[in-house]
1. Using +1 at the Cβ of each Lys and Arg and -1 at the Cβ of each Asp and Glu in the chain, identify which of Ala83, Cys23, Ala99 lies farthest towards the dipole's positive end.
2. Leu2 versus Glu52, label points 7 Å from Cα toward the beta carbon: distance in nm?
3. For each cysteine in the chain, check whether another cysteine's C-beta sits under 4.7 Å from its C-beta; list those where none does.
4. Once the piece of chain linking Asp81 and Lys112 is laid out straight, how much longer is it, given 0.36 nm per residue of separation minus the C-alpha distance between them?
5. How large is the charge dipole for the stretch 2-123, taken about the Cα centre, if only the Cβ atoms of Lys, Arg (+1) and Asp, Glu (-1) carry charge, to the nearest 20 debye?
6. Using helices alone, I'd like the mean residue ellipticity at 222 nm for the chain: each DSSP H run of four-plus residues gives -39500 (n - 2.57), total over residue count, nearest 500.
7. May I ask for the angle, rounded to the nearest 10°, between helix 85-95 and the longest principal axis of the chain, with both axes built from Cα atoms and the value confined to 0 to 90°?
8. Could you list the chymotrypsin sites (Phe, Trp or Tyr not before Pro) in the stretch 1-68 that lie in coil according to DSSP, counting only those with at most 11 other Cβ atoms within 10 Å of their Cβ?
Amino acid sequence: MLKKIYTENAPAAIGPYSQAILCGNVVYTSGQIPIDPKTGAVVGSDITAQAEQVMKNLAEVLKAAGTDFSRAVKTTCFLADIADFAAFNEVYARYITSAPARSCVAVKDLPKGVLCEVEVVAEG
């Protein structure tokens, strides 16, 4: 059984997708970018500020699904510039301490010109 997850405490989807889907006992989040859910504006101009907002958004989506970062099994992280890897990791490590499997790649572009995007698969 599939259940769409939605919370007003994270940005609404900007396309034909859900914030997350609960499939059985597994939550699959869509990628979150550093958007303030109240204003719709990009938060921050550097990787630290943007990564903070991304992780806050993900925490709210996971909470709405009845789970949290401690139950993450896999994350996928997208960076606009791989030179931001160390600074991004500092923020990421404050939120995700359970060391799930992870991929982290640099990509050519991200929506709205942001510097990072993260998606999570977690036990529900």
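Read the figures in this text as sums done on the coordinates, not as results from a lab. Note that the structure is predicted; figures quoted are calculated from it, not measured. Ideal geometry is used to build each Cβ from the backbone, glycine not excepted, and the neighbour counts take in all protein chains shown.
1. Positive-most Cα among the choices belongs to Cys23.
2. In this crude spin-label approximation the distance works out to 3.6 nm.
3. Here Cys23, Cys116 come out as lacking a disulfide-compatible partner, given the Cβ-Cβ threshold of under 4.7 Å.
4. Net length gain for the segment: 9.7 nm.
5. Using Cβ point charges on Lys, Arg, Asp and Glu, the stretch 2-123 gives about 380 debye.
6. Per the formula, -7500 deg cm²/dmol.
7. Long axis of 85-95 versus the principal axis of the chain: about 30 degrees.
8. When the chymotrypsin sites (Phe, Trp or Tyr not before Pro) of the stretch 1-68 are filtered for loop state and at most 11 Cβ neighbours within 10 Å, Tyr17 remain.
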